[in-house]
Structures are given as C-alpha cells and as structure tokens.
1. For region A:15-55, name all the residues that are under 26 Å from residue A:229 (Cβ atoms) and either free of Cβ contacts under 8 Å to residues at least 12 places away in the same chain or touching a His at 6+ places or on another chain (Cβ under 8 Å) (or both).
2. Give the residues of region A:199-218 that are outside any strand (DSSP E or B) and either away from chain B (no Cβ under 11 Å) or within 14 Å of residue B:239 (Cβ to Cβ) (or both), sorted by residue number.
3. List every residue pair whose Cβ atoms sit under 6 Å apart, with the two residues 6 or more apart in sequence or on different chains, where the first one lies in region B:165-180 and is within 18 Å of residue A:237 (Cβ to Cβ) and within 14 Å of chain A (Cβ to nearest Cβ) and the second, anywhere, is surrounded by fewer than 16 Cβ atoms within 10 Å (Cβ to Cβ) and at pLDDT below 90.
4. Go through region A:183-197 and count every residue that is within 14 Å of chain B (Cβ to nearest Cβ) and surrounded by fewer than 17 Cβ atoms within 10 Å (Cβ to Cβ).
5. Sort out which residues of region A:207-218 are under 22 Å from residue B:55 (Cα atoms) and either open to solvent by 50 Å² or more (accessible area, probe 1.4 Å) or touching a helix residue (DSSP H, G or I) at 6+ places or on another chain (Cβ under 9 Å) (or both), and write them in order of number.
6. Does residue B:152 qualify as being more than 14 Å from chain A (Cβ to nearest Cβ), out of contact with any strand residue (DSSP E or B) (no Cβ under 7 Å at 6 or more places or on another chain) and of a type outside the set (A, V, I, L, M, F, W, C)?
7. Could you say whether any residue in region B:148-165 is in the same structural domain as residue B:220 (by TED's automatic domain parsing), under 25 Å from the mean Cα position of the chain (by Cα), aromatic (Phe, Trp, Tyr) and closer than 21 Å to residue B:218 by Cβ?
8. Residue A:139 passes all but one of (1) surrounded by fewer than 18 Cβ atoms within 10 Å (Cβ to Cβ); (2) closer than 30 Å to residue B:189 by Cα; which number fails?
Amino acid sequence: MRKRILFKDEEITREIERRIRDERLSEGDRLPSERQLAEEFGVQRDTVRSALEILMKKGVLIRKPRKGYFVAPERIELNLKDFSSIKKEIESIGYRSKSILLNYELISMSKRLAEITKMPVGTLCFQILRVRYDIERPISLERSYLIPEHVPELSREDLEKQTLVSLLKHDYGITLVRAFQRITQVYGGDMEAELLRISRNEPLIRYEGLLYDRKDRLIEYFDNVILPCSLEIHIVDYA
Amino acid sequence: MTREQSLYKQIADRIIEDYGSCLDGELLPGERELADKYSVKRSTIQYAMSKLAEQGLVYRKRGKGTFIRKENKRVMNISDAAVYGTQGIAALVRSYGIKVKNVVLVSGIITGNRFLEEKLGLQKDEPIFALHRVRYGNEEPLAIEYTYVPKKFFTDVETMDFSMVSLYDYMEARGHLPIKYDKRLRLEKLFPKEARYLELPVDDPAFYFELIGFDADRHTVEYTESYVCCNRTEFSFTTRI
C-alpha cells in the first residue's frame, strides 16, 4: 500500500490558510464553525478540530470560548534585507507601536559585550533599554549600546522623542550603511518574563545587530528579544 | 542581577563543573536527582539546563533525558553565505565537516492540493512531486523538510532515490536549479510528529522555514516547509543599507 503523503488534517490546515490569504480575511474575522467545516471537507469533526488546533499553535487562529475560531493578529514582518526598524514594520501594517524607555545609563562593557563589539573590556557605553508594545501587548525587549564619542549629548528626551536611526541621522549626521544581523533562539529569563508578561523559560527570538557608518565605525549594537508569535522574518536572496 | 538569576547561573556553572568531564553524549542525572543534589527547585534545574542547551553544552532527547555535548559545539550558520536551501543542508553541513545522512519518510505525486498549487504557481490539478525527508548530521537529526516540486519540470523525479542523490544536484541536472529564494522564518513549537523525527520533546522550539525557490527563468521550482533544530543553528548575514 502507498504511504499517505499528507494526512487529512494537514491538508485542511493548508486549505484554511489558503482561504485566509486568498479571501483576505484579517485579524478578528470569524471562521465557519467546526461542524460547518467538517461538512464542507467531508470529514469527522475530530479531524477538523485537529487541524484547527495546529493552526492555533502556529499562531494563525485564536479560539474564543463559545464564540468560535478567529483569525489571529497579523505577525510583524521583519524584512532583513531592508533593515527597517521593527517600529516601521508595525506601522506599515496599521498598528500603533509604542516603545517605552525603561532605562538609559552609562555602563562599562562586560567581557561578553566587549567580545561582540571587539572593544576593550571596560569601554564606556550607553545602554538603552526599551520595551516595545503592539497596542497593549508587549512584544519585544530591546537593548541598544552606543559609544558616547559618537553621540556625546545623548539625553533621555532625545530618546523618547525619536527613533535611534533618525536621532543619529539628524542630530549627529551619522548614516548607517552596513549591518551584521543575527537570529538565534534563546530562553527568557526573569527580566523577560516580567517585562514581556510570559513565564520564565519561554522560547524567544533573539535578534542582534552590529551597525556601521560610512567610515566603517561601529555605531550601535542592538540585542532584542521578541515574542515568537509576533514575528515573521522575510528574506529574499540570490544564490 | 536578581537573586533568582544568579542562582540558576550558579547551578549551571556547578553542573558543568561536576559533569563537564563526562564524555560526549553521556547522559546526565535526571532533574529530580539534580534538584536534590543542589538543594534547589526543579524549575531552577530546568532553567539552568535550558541555558546550557542554548550555549550548546548539553542537548535534550525526547523521552531520554539531557546529555553532555562535547563535539560539534560550533554553531551552524544557516545564512546567505551558505544559503540554507541553495545547496541545501548537505553543502552547509559539508563545510562544517559534519557527515550528512538523509532519510526519506515518504515521496510521491500529489494532485488537487490548491494550497501547494498556488505556492508553486501551478494550474489546477497539475501534478506535484512531494519529498519528505529528515536530514541528519553526524547521526543527529538537524531538520525535517517537506519539499514540493512541479512534476512538469522533473518528469523522471519519481525514479530517483533521494536518500542517495542530492535534490539540488538533480534539479541542476534537469536545468531547474533554484537561484533565487523567498524565505519566511518563524520560531515555532514542535508538533508531536516533527518532535518524534527530530528526537526532541514536543513543544521544544524550532526554526520554521517556508521557502519558495525560483530558477533562472523565474519559474517557481520549489516550495519547502522545514523545521530546523535551534540548538546549534543561527541565522546571520551582512546587509548594505
């Protein structure tokens, strides 16, 4: 007997995903009921339920008790080739992103930080700590490090007023031209748990970057951890 | 640093101190045993283990426990330098000196799946060749890949044994090697099926890729969904702004 390539529930998940895309359903739109879907696909309700559960786990759908299944909030698309900030991405899909500055201080580089930036241990740098919210939901914890020499008059007001990229450009005439970026998976610690309202040990996406200006000076190192369900990374490249 | 944070760090350090001399692949005591030994909560042990796994110093196996990792600690980079998908995991892993093995779970022709037809830019009911594989590096599962290619470009595809032949070598030989990719990357939690093949606990995190490949004539020649183990992989590259 031939082996089955796709199980019925796997086929149904893809068909539902296809419809969400083709019929342009968006956040909060309701899906037909389990019973209706079962009838339509000609399968048992268990099979439909299994498919719907897969889609919930993938963050495509959410279930509201006694109300049914709804399309989940859209993920923020981070386009790595474009190096657009998360803020811009969020705005482009119509959300109001708000970043709250938690802390801003001058620190001396730890061994770990020194290794990453290839600067001597103990080098002074600004550490900027922010939480980004997508409407009311915290979605990422963002740490940025800047060298005081490049941004001598950096103040809390500056940071609250505008994005780092525009601050660098307008106040200091620094244009970023090159970025080294890295995506890995980490587990949240106490700080992430508290600020992102998750439990400790939850898997998170870590998105780091080293940003250089025209003179090839390292201007910023950022180290963000992001809730997995909020983000999709999109890359177009050539072999 | 909070007291809790320093506690798990201390425990992680002590685990390495006490068990660092174990051999590669040696099984560590269970969480309960370690919790008793260090007089801490099981959740602290779990967290310390997660942190060690993140650094590639230990690895977990579904239903078996946590093991010491000594070799191949080096992180694989699934980046554009060795594009994940271009020459495939095979080339990538080759450059790290890891021995690769492919196990074909199932392969065959699918018709009438509109989702896949749209991904591949095909007309209704055009046949699609499906290839589901588990990729191993040094006998450890690295990824599970569900690949779909249009049959019309690869008419003899069903006669190939993809546990022996590289899919990309075959695609190149037929004149439809993908040279441009549209990739989407997310972090997901493993479903029971993928967890079983990757020998990881259910709900462990994995990178999930969706990849569409185009050949030199801009035909869509590949659609792949894959789950890649997180613990030894990173995704990095340089861009000009």
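The values are calculated or read from the model by the stated rules, or taken from the named source; none is laboratory data. These figures come from a predicted structure and were not determined experimentally. So basically every Cβ, Gly included, is an ideal-geometry build from the backbone, and we count neighbours across all protein chains shown. Ligands, DNA and RNA are stripped out before the accessible areas are found, and what is left, the full protein with its side chains, is counted by its heavy atoms. Shrake-Rupley method; radii C 1.70, N 1.55, O 1.52, S 1.80 Å.
1. Here is the first cut: in region A:15-55, the ones under 26 Å from residue A:229 (Cβ atoms) are A:15-34, A:37, A:46-55.
Once the filter is applied, which keeps residues that are under 26 Å from residue A:229 (Cβ atoms) and either free of Cβ contacts under 8 Å to residues at least 12 places away in the same chain or touching a His at 6+ places or on another chain (Cβ under 8 Å) (or both), region A:15-55 yields A:18, A:19, A:21, A:22, A:23, A:24, A:32, A:46, A:53.
2. Taking region A:199-218 and keeping what is outside any strand (DSSP E or B), we get A:199-202, A:214-217.
Passing the criteria: A:215, A:216, A:217.
3. These pairs meet every condition: B:179/A:239; B:180/A:238.
4. Here the count works out to 4.
5. Narrowing region A:207-218 to residues under 22 Å from residue B:55 (Cα atoms): A:207-210.
Selection gives A:207, A:208, A:210.
6. Numbers: more than 14 Å from chain A (Cβ to nearest Cβ): yes; out of contact with any strand residue (DSSP E or B) (no Cβ under 7 Å at 6 or more places or on another chain): yes; of a type outside the set (A, V, I, L, M, F, W, C): yes.
Yes, satisfied.
7. Scanning region B:148-165, I find at least one residue that is in the same structural domain as residue B:220 (by TED's automatic domain parsing), under 25 Å from the mean Cα position of the chain (by Cα), aromatic (Phe, Trp, Tyr) and closer than 21 Å to residue B:218 by Cβ, so the answer is yes.
8. (1)
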